[in-house]
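Student: The structure's right below; bear with me while I get my questions together.
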Amino acid sequence: MSKTCKISNKKANNGYSVSHSHVRTKKKQNVNLQNKKIWSIDKKCWLKMKVSTKVIKSLHKISI
């Protein structure tokens, strides 16, 4: 499965890990994904989704 949020389509970010001597090594900053059961108003059933924690905090604002 891909590491993307199903609602906001957030993906991993590329960055550098910088040591004390300022040597840079590439790293990937993944999204904080959680499996969540969300009630769908349109379909009137539970949906299992992989969503980011930022979306979980603002679920009441989003109508799915």
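The values are calculated or read from the model by the stated rules, or taken from the named source; none is laboratory data. Since the model is a prediction, treat every value here as computed from it, not as a measurement. Because the Cβ atoms are built from the backbone with ideal geometry, glycine has one as well, and the counts that use them run over all protein chains shown.
Student: Would you say Lys54 is surrounded by 13 or more Cβ atoms within 10 Å (Cβ to Cβ) and touching a residue at least 12 places away in the same chain (Cβ under 8 Å)?
Tutor: Taking the combined requirement at face value, the residue satisfies it.
For (1) surrounded by fewer than 11 Cβ atoms within 10 Å (Cβ to Cβ); (2) within 9 Å of the chain's Cα centre (by Cα), each residue gets a yes or a no:
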position: Lys3; (1), (2): no, yes
position: Ser8; (1), (2): no, yes
position: Asn14; (1), (2): yes, no
position: Thr25; (1), (2): yes, no
position: Asn30; (1), (2): no, yes
position: Ser40; (1), (2): no, no
position: Cys45; (1), (2): yes, no
position: Leu59; (1), (2): no, no
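Student: Hey, another quick one. Of everything in the range 1-48 that's of a type in the set (Lys, Arg) and part of a strand (DSSP E or B), which residue is farthest from Leu59 (Cα to Cα)?
Tutor: My answer is Arg24.
Student: So in the range 49-64, with the set limited to residues that are in a loop (DSSP other than H, G, I, E, B) and hydroxyl-bearing (Ser, Thr, Tyr), which one is modelled with the highest pLDDT?
Tutor: Ser58
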